[in-house]
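The values are calculated or read from the model by the stated rules, or taken from the named source; none is laboratory data. Keep in mind that this is a model prediction, so the values were computed, not measured. Note: ideal-geometry Cβ built from the backbone for every residue, glycine included; neighbour counts use all protein chains shown.
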(Lines give C-alpha, C1' and ligand atoms only; values in the text may rest on other atoms or scores of the structure.)
Protein backbone atom coordinates (compact mmCIF):
# COMPACT_ATOMS: atom_id res chain seq x y z
CA UNK A 1 0.00 0.00 0.00
CA UNK A 2 1.27 3.46 -0.87
CA UNK A 3 2.16 6.03 1.82
CA UNK A 4 1.08 9.64 1.45
CA UNK A 5 0.93 12.84 3.48
CA UNK A 6 -1.71 15.39 4.39
CA UNK A 7 -1.10 18.79 6.04
CA UNK A 8 -3.62 21.20 7.50
CA UNK A 9 -2.59 24.72 8.48
CA UNK A 10 -4.54 25.95 11.49
CA UNK A 11 -4.92 29.27 13.28
CA UNK A 12 -5.74 29.51 16.97
CA UNK A 13 -5.30 27.19 19.91
CA UNK A 14 -7.65 25.42 19.88
CA UNK A 15 -7.95 25.89 16.12
CA UNK A 16 -10.55 28.39 14.97
CA UNK A 17 -9.53 28.40 11.30
CA UNK A 18 -8.23 25.75 8.91
CA UNK A 19 -6.73 26.06 5.45
CA UNK A 20 -8.21 23.68 2.90
CA UNK A 21 -7.47 23.41 -0.78
CA UNK A 22 -9.97 22.84 -3.58
CA UNK A 23 -8.41 20.16 -5.77
CA UNK A 24 -8.46 21.42 -9.35
CA UNK A 25 -7.27 18.32 -11.23
CA UNK A 26 -6.36 14.67 -10.82
CA UNK A 27 -7.23 12.44 -7.89
CA UNK A 28 -9.96 14.04 -5.69
CA UNK A 29 -10.72 16.78 -8.23
CA UNK A 30 -13.57 18.99 -7.02
CA UNK A 31 -13.05 18.18 -3.33
CA UNK A 32 -11.65 20.27 -0.49
CA UNK A 33 -8.80 18.63 1.36
CA UNK A 34 -5.58 19.30 3.16
CA UNK A 35 -2.35 19.59 1.20
CA UNK A 36 -0.21 16.55 0.55
CA UNK A 37 0.65 13.67 -1.65
CA UNK A 38 3.08 10.89 -2.35
CA UNK A 39 6.38 10.34 -0.60
CA UNK A 40 9.34 10.25 -2.97
CA UNK A 41 12.22 7.80 -2.66
CA UNK A 42 14.80 8.93 -0.06
CA UNK A 43 12.30 11.40 1.51
CA UNK A 44 11.12 11.23 5.09
CA UNK A 45 7.38 11.45 5.68
CA UNK A 46 7.78 14.92 7.20
CA UNK A 47 9.99 16.15 4.33
CA UNK A 48 7.39 14.93 1.84
CA UNK A 49 4.64 16.72 3.76
CA UNK A 50 6.60 19.99 3.73
CA UNK A 51 7.45 19.63 0.02
CA UNK A 52 3.85 18.89 -0.98
CA UNK A 53 2.57 21.85 1.04
CA UNK A 54 5.08 24.14 -0.71
CA UNK A 55 4.24 22.75 -4.17
CA UNK A 56 0.47 22.91 -3.70
CA UNK A 57 0.05 26.32 -2.05
CA UNK A 58 3.45 28.02 -1.74
CA UNK A 59 3.67 27.74 2.06
CA UNK A 60 7.05 26.98 3.66
CA UNK A 61 6.99 24.90 6.84
CA UNK A 62 9.86 23.53 8.89
CA UNK A 63 9.50 19.79 9.45
CA UNK A 64 9.82 20.44 13.20
CA UNK A 65 6.64 22.55 13.02
CA UNK A 66 4.59 19.61 11.70
CA UNK A 67 2.61 17.83 14.41
CA UNK A 68 1.69 14.28 13.42
CA UNK A 69 -1.95 13.79 14.39
CA UNK A 70 -3.19 10.75 12.48
CA UNK A 71 -2.33 7.59 10.60
CA UNK A 72 -5.21 6.94 8.21
CA UNK A 73 -5.64 3.80 6.14
CA UNK A 74 -7.96 4.09 3.15
CA UNK A 75 -9.29 1.00 1.40
CA UNK A 76 -11.11 1.14 -1.92
CA UNK A 77 -12.17 -2.45 -2.74
CA UNK A 78 -13.58 -1.33 -6.12
CA UNK A 79 -10.36 0.57 -6.96
CA UNK A 80 -7.50 -1.12 -5.02
CA UNK A 81 -4.80 0.99 -6.65
CA UNK A 82 -6.26 3.93 -4.64
CA UNK A 83 -5.52 2.15 -1.32
CA UNK A 84 -3.13 4.18 0.80
CA UNK A 85 -1.83 5.01 4.23
CA UNK A 86 -1.96 8.74 4.89
CA UNK A 87 0.15 10.45 7.55
CA UNK A 88 -1.73 13.59 8.63
CA UNK A 89 -0.17 16.66 10.23
CA UNK A 90 -1.26 19.99 11.67
CA UNK A 91 0.93 23.08 11.41
CA UNK A 92 0.48 26.25 13.47
CA UNK A 93 3.66 27.98 12.24
CA UNK A 94 4.74 28.58 8.65
CA UNK A 95 6.22 31.18 6.31
CA UNK A 96 4.40 32.88 3.46
CA UNK A 97 0.82 33.30 2.37
CA UNK A 98 -1.11 30.58 0.56
CA UNK A 99 -1.33 31.02 -3.21
CA UNK A 100 -3.39 29.25 -5.84
CA UNK A 101 -1.47 26.76 -7.97
CA UNK A 102 -2.34 24.64 -10.99
CA UNK A 103 -3.38 21.89 -8.59
CA UNK A 104 -5.07 23.60 -5.60
CA UNK A 105 -7.03 26.73 -4.68
CA UNK A 106 -6.48 27.44 -0.95
CA UNK A 107 -9.37 28.74 1.18
CA UNK A 108 -9.48 29.53 4.91
CA UNK A 109 -12.54 28.20 6.76
CA UNK A 110 -13.72 28.72 10.31
CA UNK A 111 -13.56 25.36 12.05
CA UNK A 112 -17.29 25.61 12.81
CA UNK A 113 -18.12 25.87 9.09
CA UNK A 114 -15.90 23.28 7.41
CA UNK A 115 -17.54 22.22 4.08
CA UNK A 116 -17.73 18.49 4.84
CA UNK A 117 -20.27 18.00 2.05
CA UNK A 118 -17.57 18.98 -0.47
CA UNK A 119 -14.87 16.77 1.04
CA UNK A 120 -14.06 13.07 1.18
CA UNK A 121 -16.79 11.20 3.07
CA UNK A 122 -14.32 10.06 5.77
CA UNK A 123 -13.30 13.59 6.83
CA UNK A 124 -16.39 14.12 9.00
CA UNK A 125 -15.34 11.09 11.08
CA UNK A 126 -11.80 12.11 11.96
CA UNK A 127 -11.07 15.77 11.18
CA UNK A 128 -13.16 17.11 14.11
CA UNK A 129 -11.22 14.77 16.43
CA UNK A 130 -7.80 16.07 15.45
CA UNK A 131 -9.04 19.66 15.61
CA UNK A 132 -10.00 18.92 19.25
CA UNK A 133 -6.45 17.78 19.98
CA UNK A 134 -6.84 14.02 19.54
CA UNK A 135 -4.19 11.87 17.90
CA UNK A 136 -5.73 8.92 16.09
CA UNK A 137 -5.26 5.91 13.92
CA UNK A 138 -8.12 4.98 11.63
CA UNK A 139 -9.16 2.69 8.80
CA UNK A 140 -11.84 3.61 6.30
CA UNK A 141 -13.22 1.12 3.80
CA UNK A 142 -15.17 2.72 0.99
CA UNK A 143 -18.21 1.23 -0.72
CA UNK A 144 -18.13 0.27 -4.41
CA UNK A 145 -19.05 3.84 -5.42
CA UNK A 146 -15.60 4.99 -4.12
CA UNK A 147 -17.40 7.98 -2.55
CA UNK A 148 -19.17 6.60 0.53
CA UNK A 149 -17.57 5.15 3.66
CA UNK A 150 -18.84 1.64 4.26
CA UNK A 151 -16.81 0.93 7.39
CA UNK A 152 -14.88 3.15 9.78
CA UNK A 153 -12.61 2.15 12.67
CA UNK A 154 -11.01 4.92 14.73
CA UNK A 155 -8.81 4.65 17.81
CA UNK A 156 -6.95 7.21 19.89
CA UNK A 157 -3.17 6.88 20.05
Inset, instruction - Of the conditions (1) touching a residue at least 12 places away in the same chain (Cβ under 8 Å); (2) under 15 Å from the mean Cα position of the chain (by Cα); (3) under 26 Å from residue 152 (Cβ atoms), residue 116 clears all except one; give me its number. - result: (1)
Legend entry - Which listed residue, of 130, 136, 124, is surrounded by 14 or more Cβ atoms within 10 Å (Cβ to Cβ), out of contact with any strand residue (DSSP E or B) (no Cβ under 6 Å at 6 or more places or on another chain) and modelled with pLDDT of 95 or more: 124
Inset, instruction - Could you tell me which of the residues 60, 46 is in contact with a helix residue (DSSP H, G or I) (Cβ under 9 Å, 6 or more places away or on another chain), surrounded by 12 or more Cβ atoms within 10 Å (Cβ to Cβ) and more than 28 Å from residue 150 (Cβ to Cβ)? - result: 46
Legend entry - Failed item, numbered, when residue 81 is tested on (1) surrounded by 15 or more Cβ atoms within 10 Å (Cβ to Cβ); (2) closer than 16 Å to residue 146 by Cα: (1)
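Kindly check whether there is at least one residue in the stretch 65-74 that is in a helix (DSSP H, G or I) and surrounded by fewer than 20 Cβ atoms within 10 Å (Cβ to Cβ).
Taking every residue of the stretch 65-74 in turn, at least one turns out to be in a helix (DSSP H, G or I) and surrounded by fewer than 20 Cβ atoms within 10 Å (Cβ to Cβ).
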Inset, instruction - For residues that are in contact with a strand residue (DSSP E or B) (Cβ under 9 Å, 6 or more places away or on another chain) and either on the phi > 0 side of the Ramachandran plot or outside any strand (DSSP E or B) (or both), tally how many sit in the stretch 1-24. - result: 4
Inset, instruction - Would you tally the residues in the stretch 124-157 being outside any strand (DSSP E or B), touching a residue at least 60 places away in the same chain (Cβ under 8 Å) and touching a helix residue (DSSP H, G or I) at 6+ places or on another chain (Cβ under 6 Å)? - result: 1
Inset, instruction - Being touching a strand residue (DSSP E or B) at 6+ places or on another chain (Cβ under 8 Å) and assigned to a loop (DSSP other than H, G, I, E, B) is the filter; apply it to the stretch 80-100 and report the residue that is nearest to residue 38 (Cα to Cα). - result: 83
Legend entry - Hits in the stretch 32-43 - residues which are in contact (Cβ under 8 Å) with a residue 60 or more places away in the chain and touching a helix residue (DSSP H, G or I) at 6+ places or on another chain (Cβ under 6 Å): 32, 35
